[in-house]
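The values are calculated or read from the model by the stated rules, or taken from the named source; none is laboratory data. A quick note: this is a predicted structure, and the numbers were derived from the prediction, not measured. Virtual Cβ from ideal backbone geometry, glycine too; neighbours counted across all protein chains shown.
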Amino acid sequence: MIEEASKLLARSRFAIAFTGAGISAESGVPTFRGFNGLWKKHRPEELATPEAFRKDPHLVWSFYKWRMGLIMKARPNRAHYALAELEEMGILKAVITQNVDDLHREAGTKNLIELHGNIFRVRCTSCGYEENLKENGRLEEFLVQKDLPKCPNCDSLLRPDVVWFGEPLPRKALDEAFKLAEKADLVLVIGTSGVVYPAAYIPQIVRETGGKVIEVNPEESGITPIADVFLRCPAGEAMEKLMKRIKGLI
Ligand code: OAD
């Protein structure tokens with residue numbers, strides 16, 4: 001299986017990766033579904049919807065600040081670094097992620113499309129203000145503030161710049177992702193349950209336009225039925241093995 005996956009990748013002309021929470025599991029970032037998943041302990045509709053935020057912004061902000069604090073300490077793992085290396089080698093053209101944790105960027109991926117936003121960015125609920133707290137070095141100070149965060153321009157409430165249930169995905173990111181999927185002759189799908197749309201269309205588009213689908217996941221997912229190669233394995237281990245083979249092939 002690894003053999004076949006590495007041959008396909010090494011021979012591809014325009015490969016992309018599509019990732020989900022599972023790629024960051026080995027970095028200590030909890031996934032959403034499955035055993036120990038976030039949505040086992042919390043109800044998404046109470047924490048990750050615009051209605052929840054209107055009803056109880058303190059509760060929603062406390063959940064996001066908890067996640068920001070946790071993700072802030074997380075470091076990229078072997079799988080994130082492998083994708084950055086594959087891009088450097090010219091094999092991978094882009095990483096399309098559903099993750100908000102910034103770990104692909106930290107590992108060095110350059111062409112990164114974030115479909116669900118970024119947990120370190122905040123934006124105003126009224127005006128166009130947005131800020132990347134991590135880049136501005138304001139994250140720690142932000143996390144200890146007790147009051148609800150307010151916009152420095154118009155004093156309205158700030159919100160996390162992430163996509164909540166029932167909200168549209170950022171137009172530009174989605175258009176770019178779909179274009180890449182149409183162009184790709186291979187998609188490497190890592191660590192996603194493949195049940196959240198429209199993101200989950202990405203591997204389907206690649207498949208429908210004649211491309212190959214390689215999946216890495218210790219469990220079967222919504223993508224498994226369309227996978228040409230299914231590596232039933234945690235991301236770090238699979239990517240390490242894959243990289244060794246690819247380097248031997250090129
Ligand atoms: P999920 O939590 O739904 O799925 C995580 C997947 O990762 C599962 O299929 C696991 O089997 C797999 N997995 C677990 N450990 C792994 C490992 N070490 N290596 C590889 N895979 C592993 O996460 P997503 O598919 O990313 O959306 O969820 C999609 C969206 O649903 C998220 O972006 C989020 C969530 O609600 C929003 O917040 C809008």
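For the stretch 147-160, does any single residue satisfy the condition of being within 21 Å of E114 (Cα to Cα), hydrophobic (A, V, I, L, M, F, W, C), modelled with pLDDT of 95 or more and not assigned by TED's automatic domain parsing to the domain that holds H104?
Checked the stretch 147-160: at least one residue is within 21 Å of E114 (Cα to Cα), hydrophobic (A, V, I, L, M, F, W, C), modelled with pLDDT of 95 or more and not assigned by TED's automatic domain parsing to the domain that holds H104.
In the stretch 71-95, what residues are under 14 Å from S24 (Cα atoms) and more than 16 Å from the chain's Cα centre (by Cα)?
Result: K73, single match.
When the stretch 201-221 is examined, which residues are found to be away from the ligand (no atom under 15 Å from the Cβ) and small (G, A, S)?
If the condition is that a residue be away from the ligand (no atom under 15 Å from the Cβ) and small (G, A, S), then G210, G211 are the ones that fit.
Residue by residue through the stretch 104-130, note down the ones that are in contact (Cβ under 8 Å) with a residue 24 or more places away in the chain and over 15 Å from the mean Cα position of the chain (by Cα).
Correct list: V122, R123, C124, T125, S126, C127, Y129, E130.
Has the stretch 85-92 got any residue that is buried (at least 19 other Cβ atoms within 10 Å of the Cβ) and within 16 Å of the ligand (Cβ to nearest atom)?
No, every residue in the stretch 85-92 fails to be buried (at least 19 other Cβ atoms within 10 Å of the Cβ) and within 16 Å of the ligand (Cβ to nearest atom).
Taking the stated definitions as given, is T224 within 13 Å of the ligand (Cβ to nearest atom), at pLDDT 95 or above, polar (S, T, N, Q) and surrounded by fewer than 17 Cβ atoms within 10 Å (Cβ to Cβ)?
yes
Going through the stretch 164-200 one residue at a time, which ones are more than 7 Å from the ligand (Cβ to nearest atom), among the aliphatic types (A, V, I, L, M) and either under 18 Å from R33 (Cα atoms) or outside any loop (DSSP other than H, G, I, E, B) (or both)?
Within the stretch 164-200, A173, L174, A177, L180, A181, L186, V187, L188, V189, A200 meet the criteria.
Here's the yes/no breakdown for (1) part of a helix (DSSP H, G or I); (2) under 15 Å from I119 (Cβ atoms); (3) free of Cβ contacts under 8 Å to residues at least 12 places away in the same chain:
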| residue | (1), (2), (3) |
| --- | --- |
| E4 | yes, no, no |
| A17 | no, no, no |
| K65 | yes, yes, no |
| A84 | yes, no, no |
